[in-house]
Structures are given as structure tokens and as C-alpha cells.
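Engineer: Submitted below is the structure of interest, expressed as C-alpha cells.
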Amino acid sequence: MTLADHAPIGSVVHDGDRVLCHLCGHWFRSVLAHLRAHGVDEPAYRREFGLERNAPLEGETTRRLRADSLRRRRASDPVVRAWCEEGQERARSGALTEAAARAARGRRHPEQRRAKTLRALAAISPEARNAAIRRRAFDRLRMAAAEVAAELGFPDIGALVTDRVLAGRSLAAISREAGLHKDWLSRHLATVAPDTAVAIASRARVLRLDAPWLPVLADLGFATVPEYLRDRHLGRARSVQAIAAETGLSRTSVRTALTRHGLTPVSHAAARRGLRDRADAVATRFGFADVTEYLADRRAAGLSWKAIAAECGQSQSWVRRRAGLIR
């Protein structure tokens, strides 16, 4: 017969006022008092059979008698009372918990504790466990980010990253400066500072799209795309086509650059005058007062937009725009 045949490892078997001894299989009101017969002390017994330190090794009646005895001693004995008060204060302050954690560090959990943990985990759904793991991971990241920002004199990690990025630093360089892994910010910035991550990604996109402009603008004496566009389009009233011709880029690139930098494309007077002159020329060629009258006449005659465009020598989009069908 093995020792585990008397009682399962990691559990205490109670029978009301009695407790089963793992060593001999007999029942006792107090296994603690019985251990002397086996020449074993309490800590060794608990370690041997995987029992927690607070697992009761006495029957209910014996525990109740001991508690009553302690209450009487506490009331009559100043030394016992002082010890009890000190223990309660340590428990309230958390010092007792910290001391227990230090004592347990590096020590294998007893079987009884592991069984409790497994039962508790089994009662928790996988979704809840995963959510808790994610929350703990997020809290660790947030604490690390807050510590780094405070060490470098910033209120939060977003302010730190924004300041350094505007100074031309990369995320890898900022991570190294903060004493983190070089990829830490690349991996976790969207988690700890999502607004900053979005702003930086947007800025990176703008810089990437502006890159083809920079060599041309440097020759023209401009440092940035917005500066050039304000000068040419808003200041000198250059058209999108004229800017495209000067820079060697497409008109689409010019329009998207204006939008990207918050500049509204303007239809300048010269361009508007050119459109009016072209419309007047079409109307005059076919004997009408204006192009609207010409288009109305041709549509009434059953001509398609394609046929009208071919007749007047303009594109279909130009014809439809003059008719107000395209803006």
C-alpha cells in the first residue's frame, strides 16, 4: 500500500470532527498532534502530501475549541493581544500578503493549490480567460509607456513620440532612446496611443506621396509642397495644368497634392475665360447666341451627346458639362 492509498495527494479528507492521516490511514481529531508519532513535523507533512499552509489538519470541534482558547488568551494575555493586533495590522496594510508572496517565490505550488487553480480555471470560459490575458498585456504596455514618458519629461507616450517625430526621429530611434526594443513603438504605439499612431501614419503617407515633388521643388527654390502650391496656385493663380507642366507631374498628382495639403483647387479667371471663349466659339460657328441654345437645339433634333461632340469638335464630357450634366 502506498501513502497515496490512505488519502489523495493534495487533499485533506475530513469526516466531521476527524481528519484522515496520510501516513497511516487512521482518523484523528487532530493530525497535527498525531504527527509526533511518525516523527514528522507539520511543514514536512504538508510538503510531502501537497497541502497548502492553511489547509486544516484538525476536525471542526477541535478547531472551534482552539479558536475559543485563543480568544480567551487574547482577552487575558497582553502579549498574545499585541501579537494578534500586529498580525491584523500587517494583514490590513498588505504587508502580510507581500511577505507570503516573497516566501512563495521560486517554490513549487502544493498539489492542493494547483488543483484549486485548475478547478477555478475550468469554471472560466476561454473567452473570459483570453480577455483577461489581453487586459493584463494592455496594462503592462500602458505602464511601460507611462514610465518611459515620465522619465523623458512628457505627460504621455503620445506627446513624446509626436515631439521626436517632428524633430525627424524614427520610431526605432525613439524606442532606443527610451531604453526599449527598437521595434517596441512600431508594434505597440497603436495600442498605447492610437491617436498618435494614426497621426504619424498619416504624416508618413504624406511624406511618401510628396517625395516625387521634392527634387523638382528644390530646383525651384521651395522646401515643401504646400509652400510651392500656395505660391503657384493661390498666389500667382497658376492653373493645375500649368503647375503640372512646370513640375513634370500629372494633373491628377497636382490635384491630389492640393487636397492632401488642405488646399482647395480654384478655377482661376484665365481658365474660366478660356472656357467661355470656347463655348462662344462653338455657338457662333453654328449660328446660336450661346452654347446652351445650341445644345438644346441639337438635343431636340434627336442627336446624341456623342454626335453633338463630334459635330462641334469637343469631347463628350465638355459637351455634357456645358449642358449642366457634369460638375
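Every read-out reported here was derived from the displayed coordinates using simple, explicitly stated rules and does not represent laboratory data. Predicted model only: the values in this text are computed from it and were never measured. Glycine gets a Cβ as well: all are built from the backbone with ideal geometry, and neighbour counts include every protein chain shown.
Engineer: Of A172, A300, A223, which has the largest mean-square fluctuation in a 10 Å C-alpha GNM of the chain?
Structural biologist: A300
Engineer: Taking the alpha-carbon set of region 233-286, what are its Rg and Dmax in Å?
Structural biologist: 13.6, 44
Engineer: Excluding H188 itself, calculate the net charge of residues whose Cβ lies under 11 Å from the Cβ of H188, where each Lys or Arg counts +1 and each Asp or Glu counts -1.
Structural biologist: Details: positive: R140, R142, R187; negative: D183.
Net of charged neighbours comes to +2.
Engineer: Dividing the alpha-carbon radius of gyration of region 1-103 by 2.2 N^0.38 Å (N being the number of residues), what value is obtained? Can you show the working numbers first?
Structural biologist: On the way: Rg = 16.2 Å, N = 103, 2.2 N^0.38 = 12.8 Å.
In units of the 2.2 N^0.38 Å rule of thumb, it is 1.27.
Engineer: Right, next: Would you mind counting up the charge near I200? Only other residues with Cβ under 13 Å from its Cβ, with Lys and Arg at +1 and Asp and Glu at -1. Intermediate results must be reported in sequence, preceding the final value.
Structural biologist: Details: positive: R164, R169, R203, R205, R208; negative: D163, D195.
My count for the surroundings of I200 gives +3.
Engineer: Please state the equivalent ellipsoid semi-axes for region 15-62: what are the square roots of 5 times the Cα gyration tensor eigenvalues, largest first, in whole Å? Please report the intermediate quantities before stating the final value.
Structural biologist: Numbers: eigenvalues 51, 31, 17 Å².
One finds semi-axes of 16, 12, 9 Å for region 15-62.
Engineer: Just how far, in whole angstrom, is region 296-327 from region 172-249 if you go by their alpha carbon centroids?
Structural biologist: 42
Engineer: Something else now. How do L229, L32, L166 rank when sorted from fewest to most other Cβ atoms within 10 Å of their own Cβ? Show your work: numbers first, answer last.
Structural biologist: Values: L229 24, L32 17, L166 10.
Sorted ascending by nearby Cβ count, the order is L166, L32, L229.
Engineer: If neighbour count is taken as other Cβ atoms inside 10 Å, put F28, F286 in order from fewest to most. Write down the numbers at each step before the final one.
Structural biologist: Details: F28 20, F286 13.
Exposure proxy ranking, most exposed first: F286, F28.
Engineer: Distances over 21 Å make up what percent of all Cα-Cα pairs in region 69-195? Walk me through the intermediate numbers first.
Structural biologist: Numbers: 5264 of 8001 pairs.
When all Cα pairs of region 69-195 are counted, 66 percent exceed 21 Å.
Engineer: Compute the angle between helix 251-260 and the longest alpha-carbon principal axis of the chain, please, reported from 0 to 90 degrees and rounded to the nearest 10.
Structural biologist: So the helix axis and the longest Cα principal axis differ by about 50 degrees.
Engineer: If you don't mind, there's one more thing I want to ask. Kindly write out, for region 145-162 in residue order, the coupling ³J(HN,Hα) from the Karplus curve 6.51 cos²θ - 1.76 cosθ + 1.60 (θ = phi - 60°), rounded to whole Hz, with x marking Gly and Pro.
Structural biologist: 5, 5, 5, 5, 4, 5, 4, 9, x, 10, x, 7, 5, x, 5, 4, 5, 4
Engineer: When the helix-only estimate is applied to the chain (DSSP H runs of n ≥ 4, each -39,500 (n - 2.57), divided by the residue count), what is the mean residue ellipticity at 222 nm, nearest 500 deg cm²/dmol? Provide the component values of the computation, followed by the final result.
Structural biologist: Values: 19 runs with 211 residues, N = 327.
That comes out to -19500 deg cm²/dmol.
Engineer: For I133, I308, I9, what ranking results if the residue with the fewest other Cβ atoms within 10 Å of its Cβ goes first? Please report the intermediate quantities before stating the final value.
Structural biologist: Numbers: I133 10, I308 22, I9 16.
Ascending Cβ contact count within 10 Å gives the list I133, I9, I308.
Engineer: Same structure, new question: Roughly what would the spin-label model give for D231 and D17, points 7 Å off Cα along C-beta, in nm?
Structural biologist: Placing both labels 7 Å beyond Cα along the Cβ direction yields 10.2 nm.
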